[in-house]
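In what follows, a single structure is set out as structure tokens and then discussed.
The values are calculated or read from the model by the stated rules, or taken from the named source; none is laboratory data. As the structure is a prediction and not an experimental result, all values here were calculated from the model. Every residue, glycine as well, gets a Cβ built from its backbone with ideal geometry; the counts of neighbours run over all protein chains shown. To get the accessible areas, we keep the full protein, side chains included, count just its heavy atoms, and leave off ligands, DNA and RNA. Shrake-Rupley method; radii C 1.70, N 1.55, O 1.52, S 1.80 Å.
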Amino acid sequence: MKSGWLAAVALGAVWLAAPAAAQGVKTEGVKIGILNDQSGVYADYGGKYSLEAAKMAIEDFGGEVLGQKVELITADHQNKPDLAASIARRWYDTEGVDMITELTTSSVALAVQELSNDKKKIDIVVGAATSRITGDACTPYGFHWSFDTHALAVGTGGALVESGGDTWFFLTADYAFGYALEKDTSDIVKAKGGKVVGSVRIPLNSSDFSSFLLQAQSSKAKIVGLANAGLDTTNSIKQAAEFGIVKGGQKLAGLLMTLSEVNGLGLDAAQGLILTEGFYWDHDDKTRAFSERFFKRTGHMPSMIHAGTYSATLSYLKAVTAAGTKDSEAVAKKLKELPVDDAFAKGKVLENGRMVHDMYLFEVKKPSESKKPWDYYKQLTVVPGDKAFSTAKESGCPLTK
């Protein structure tokens, strides 16, 4: 018993137990795993804040489902697909985890989704971006919740080309996410009559972007597309300022930026950036109520990753209830049948597992325009869900053929 407890602590596990079941009734419980980056480049992007969002969902659902307690377990995958797959395998094989969610980092998400398919377990990707998750790598048990590279490309890429940013140079994270974001954005740029003049691939968690930024500067491209995320994005923006890239007439496009990165940069550095998110805390009364609760617990306003993790967890519990069982086949069917309507979004889940909802194009405010803490965004337009995301048939998912 003691060694098992120590192992759980080592994994950073937390439990949310419902009141004890009626005496004499044995329950197996429902166990959900939050697997994400908690110590690296994406720690604020998801990390402990996504864990807190999942706790909120479980509490809001009542702490139990089908008369069974809901247990939450978490681990740091350190952005390593092999480590993530090893943790997920142990969770499925020996610790009775029923569903894994969050899964920041596309290479991790793809690895865990493949394993989940082998084990016939449900995974709901929130923090990873590649559209392959519900495209050629789709599975019957895999879902993608908050956004994807296609939606980001349609929102940010499309808007910038239409406003005159018709030549692009990409600074691209050198793994699956970066490749997908560059490709999807390039496709949109070219479809709208623009041109990609070059790109450079940059290792994850780089500290020095100088040589890459010099290439972007010398390209004379109107738009420098940052196909990266988390601290890599904030560091590249800070260093771009040192090189005078924006002052020289080029624009930076944060192709995957969230409220966390804008907060880390501050409005002085982030002002004027155009970005796409699926959630903003100050959007309406419903988002404000949820976000204020979240802020009281964390001291941080939620981004689309954190709100999306809340929604994914809540939707899973609703699907288990509707199915009347934890069986993955039945729960996956219900996830695709039930509408999504919560603090994150109103949406629907397609046959390929893609949750479709509206996305929003924002401009980061100038410091003089911000009237209160966390008042960072001006909404430019709504990108309807059916425009932001590919249809199931267009996605390339083999399940839809």
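Evaluate the distance, in nm, between pseudo-label points positioned 7 Å from the Cα of Arg288 and of Ala191 along their respective Cα→Cβ axes.
3.6 nm
Longest span of the chain, sites excluded, free of GluC sites (Glu not before Pro) in DSSP loop with at most 14 other C-beta atoms within 10 Å?
29-393
Which residues' amide hydrogens lie under 5 Å from the amide hydrogen of Val356, considering only partners 5 or more residues apart or on another chain, with H built in the peptide plane?
Those lying under 5 Å, H to H, from Val356 are Lys348, Val349, Leu350.
Suppose R0 equals 41 Å. What FRET efficiency, 1/(1 + (r/R0)^6) with r the Cβ-Cβ distance, do Phe243 and Ser86 give to the nearest 0.05?
Working from the Cβ atoms, E equals 0.50.
What residue among His144, His300, His77 shows peak mean-square fluctuation when the chain is described by a Gaussian network model with Cα springs under 10 Å?
His300
Could you tell me the calculated FRET efficiency between Leu338 and Leu399, based on Cβ-Cβ distance and R0 = 22 angstrom, to the nearest 0.05?
Rounded to the nearest 0.05, the efficiency is 0.75.
From the residues Leu226, Thr74, Ser163, which one has its Cα farthest along the dipole of the chain in the positive direction, the dipole being from +1 and -1 charges on Cβ of Lys/Arg and Asp/Glu about the Cα centre?
Projecting each Cα onto the dipole axis, the largest value belongs to Ser163.
Round to a whole angstrom and tell me the spacing of the C-alpha centers of the stretch 367-401 and the stretch 248-285.
Result: 13 Å between the Cα centres.
Tell me which lysines have Cα within less than 20 Å of Lys251's Cα, excluding those fewer than 8 residues away on the same chain?
Cα-Cα hits under 20 Å: Lys183, Lys190, Lys192, Lys195, Lys220, Lys222, Lys238, Lys365, Lys366, Lys378.
Starting from the Kirkwood radius over alpha-carbon pairs of the chain, derive D by Stokes-Einstein at 20 °C in a medium of 1.002 mPa s and give it in µm² s⁻¹.
Estimated diffusion coefficient is 101 µm²/s.
Quick one: Debye curve from the C-alpha atoms of the stretch 255-370, no solvent, what's log10 I(q)/I(0) at q = 0.12, 0.20, 0.21 Å⁻¹?
For the stretch 255-370, the Cα-only Debye profile gives -0.51, -1.09, -1.15.
Charges at C-beta only: +1 for Lys and Arg, -1 for Asp and Glu. How large is the resulting dipole of the stretch 303-371 about its Cα centre, in Debye rounded to 20?
100 debye
In nm, what is the difference between 0.36 nm times the number of residues separating Lys387 and Asp327 and their Cα-Cα distance?
That pair, Lys387 and Asp327, stretches by 18.3 nm at full extension.
Translational D (Stokes-Einstein, µm²/s) of the stretch 46-91 at 4 °C and 1.567 mPa s when Rh comes from the Kirkwood sum over C-alpha pairs?
The diffusion coefficient I find is 106 µm²/s.
With +1 assigned to the C-beta of every Lys and Arg and -1 to the C-beta of every Asp and Glu, and no other charges, what is the dipole magnitude of the chain about the Cα centre in debye, to the nearest 20?
180 debye
Using a 1.4 Å probe, what is the accessible area per residue for the stretch 168-283, in Å²? Don't skip to the answer; put the middle values down first.
On the way: 4400 Å² over 116 residues.
Solvent-accessible surface per residue comes out at 38 Å².
For the chain, what does the relative contact order come out to in percent, with C-alpha contacts under 8 Å and a separation of six or more?
17 percent
Rounded to the nearest 5, what % of DSSP beta bridges with both residues in the chain are antiparallel?
Values: 17 of 53 bridges.
The antiparallel fraction comes to roughly 30 percent.
Out of the total accessible area of the chain (probe 1.4 Å, heavy atoms of protein only), what percent is carbon and sulfur?
Carbon and sulfur: 51 percent of the exposed surface of the chain.
Pulled fully out, how much extra length does the chain show between Ser163 and Ser39, if you take 0.36 nm times their separation in residues and subtract their Cα-Cα distance?
Extra length from Ser163 to Ser39 when fully extended: 40.8 nm.
Based on the Cβ-Cβ distance of Asp174 and Asp60, what FRET efficiency does E = 1/(1 + (r/R0)^6) give at R0 = 51 Å, to the nearest 0.05?
Values: r = 39 Å, r/R0 = 0.77.
Taking R0 as 51 Å, the efficiency between Asp174 and Asp60 is 0.85.
Test of understanding: in a Gaussian network model of the chain with alpha carbons linked when under 10 Å, which of Thr105, Thr167, Thr298 would top the mean-square fluctuation ranking?
Maximum fluctuation in the GNM of the chain, among the listed residues, is at Thr298.
Helix by helix through the chain, keep the DSSP H runs that span 24 Å or more along the axis on Cα and average at least 0.0 on Kyte-Doolittle, and give those back in order.
Length and hydropathy pass: 304-323.
For n ≥ 4 DSSP H runs only, could you compute -39500 (n - 2.57) per run for the chain, divide by its residues and tell me the 222 nm figure to the nearest 500?
-12000 deg cm²/dmol, from helical runs alone.
Run through all the Cα pairs of the stretch 61-160 and give the fraction in each 10 Å bin from 0, expressed as whole percent.
15, 44, 28, 11, 2, 0
Excluding Tyr376 itself, what net charge comes from residues whose Cβ is under 15 Å from its Cβ, given Lys and Arg +1 and Asp and Glu -1?
Counting the neighbours of Tyr376, the net charge comes to -2.
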